[in-house]
Every structure is written in structure tokens, then in C-alpha cells.
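Notes to accompany the following structure.
The values are calculated or read from the model by the stated rules, or taken from the named source; none is laboratory data. Here the structure is a predicted model, which is why all the values come from computation and not from measurement. Glycine also receives a Cβ, built like all others from the backbone with ideal geometry; neighbour counts cover every protein chain displayed. Heavy atoms of the whole protein, side chains included, go into the accessibility calculation; ligands, DNA and RNA do not. Shrake-Rupley method; radii C 1.70, N 1.55, O 1.52, S 1.80 Å.
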Amino acid sequence: PIGFAQVDGTVSTGEARIFSAYAGGSLLQVNISLDTVNTSSDTVVVDLQKSTSGGAYATVLSSTYTMNSSKTARTVYTVAPNSTSFVAGDIFKVVWTVSGTSAADLLVVVFGDINPS
């Protein structure tokens, strides 16, 4: 793992910077789970974003990932990044947007392969 974001308790909208690359490499996958999943129409929408050379953050996923009432508690959902390469100095952050108050204990783990020269 190259970084993770964890929220203990009820999840509310937020973000966490999780990794600054010391060398280039590739993102492999993003794992997302909730200990308490959403009920009814509540959602937690998760995005992984990257900033290169001080630029604006932009998503590296093909689309954001939505955790909703169809998901299972304490189950890992795997998302494949759309943009996988990174260079030294890139910064990654996880952003989550929440509607409702039923989700709890969010965990997002990002896996990558770092290739220092």
C-alpha cells in the first residue's frame, strides 16, 4: 500500500492527502470499505485525485465510486485506476462526498508499484 484514508465513526464529507511520491511508479488498485454501509438513499462517493508539479488535483479513476445500500458491510470493493502512472513529486488525495448520516468507518487503501531509479 502507498497510502490510506480512514474515518472512524459516522462519515461526513472530507478529504485526506495520503501520499507524496518520492519516485515514479504505477497505481495498481484502490480498495474501499465501510464497516457500516449506507441505508436507504444515503451514499458515500469516493474519488482518488493526483496533483502533478503543483497543478490542480484531477481524478485518476474512470469515474467516482459510490458506496450505497446495495453494498455489504466490511466487504472490500476494488476499483482500478484509469490513469496509473505517477512521477516523483506527485501528490495523491482521497476525496469523499456524503449524503445522509448512516455510513460509518470508511477505509480507502491505495496500492501502487514504486520504481526508484
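Efficiency by 1/(1 + (r/R0)^6): what FRET value for residue 36 and residue 85, r their Cβ-Cβ distance, R0 = 41 Å, to the nearest 0.05?
Details: r = 35 Å, r/R0 = 0.86.
Calculated transfer efficiency: 0.70.
What percent does the relative contact order of the chain come to when contacts are Cα pairs within less than 8 Å and at least six residues apart?
Working: 323 pairs, mean separation 58.7, N = 117.
Relative contact order for the chain comes out at 50 percent.
Rounded to the nearest percent, how much of the accessible area of the chain (1.4 Å probe, protein heavy atoms only) is carbon and sulfur? Mind showing how you got there, number by number?
Details: 2890 of 5780 Å².
Exposed carbon and sulfur together represent 50 percent of the surface.
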Query raised in the report: Per residue, what volume in Å³ does the Cα convex hull of the range 25-117 take up?
Result: 92 Å³
Query raised in the report: Which value, in debye to the nearest 20, gives the size of the charge dipole of the range 17-117 about its Cα centre, when Lys and Arg are +1 and Asp and Glu are -1 at the Cβ?
Result: 60 debye
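For the range 1-70, just say rounded, prolate or oblate: build the C-alpha gyration tensor, square-root its eigenvalues into a ≥ b ≥ c, call rounded for a/c under 1.5, and beyond that prolate if a/b exceeds b/c, oblate if not.
prolate
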Query raised in the report: What does a probe at residue 15 reach in the range 22-48, counting residues whose amide N is under 19 Å from the point 7 Å along Cα→Cβ?
Result: 44-48
Query raised in the report: Per-residue HN-Hα couplings for the range 11-26, Karplus 6.51 cos²θ - 1.76 cosθ + 1.60 at θ = phi - 60°, whole Hz, x for Gly and Pro?
Result: 8, 10, 3, x, 8, 8, 6, 10, 6, 10, 6, 8, 7, x, x, 9
Report summary line: Non-local residues with an amide H under 5 Å from the amide H of residue 102, with H modelled 1.01 Å from N and Pro and chain starts lacking one, are 39
Report summary line: Residue-ordered couplings for the range 68-84, obtained by feeding phi - 60° into the Karplus form 6.51 cos²θ - 1.76 cosθ + 1.60 and rounding to whole Hz (Gly and Pro as x), are 9, 5, 7, 7, 10, 4, 6, 10, 8, 10, 9, 10, 8, x, 8, 10, 9
Query raised in the report: What whole-number value in Å² describes the accessible area per residue of the chain for a 1.4 Å probe?
Result: 49 Å²
Report task. Using only Cα atoms, locate the centre of the range 1-19 and the centre of the range 87-117, then give the distance between them in Å, rounded to an integer. Result -> 7 Å
Query - Vicinal HN-Hα couplings computed from phi for the range 89-106 (Karplus, 6.51 cos²θ - 1.76 cosθ + 1.60; Hz; Gly/Pro x) - result: x, 5, 10, 10, 9, 9, 10, 10, 10, 10, 10, x, 9, 8, 7, 9, 6, 7
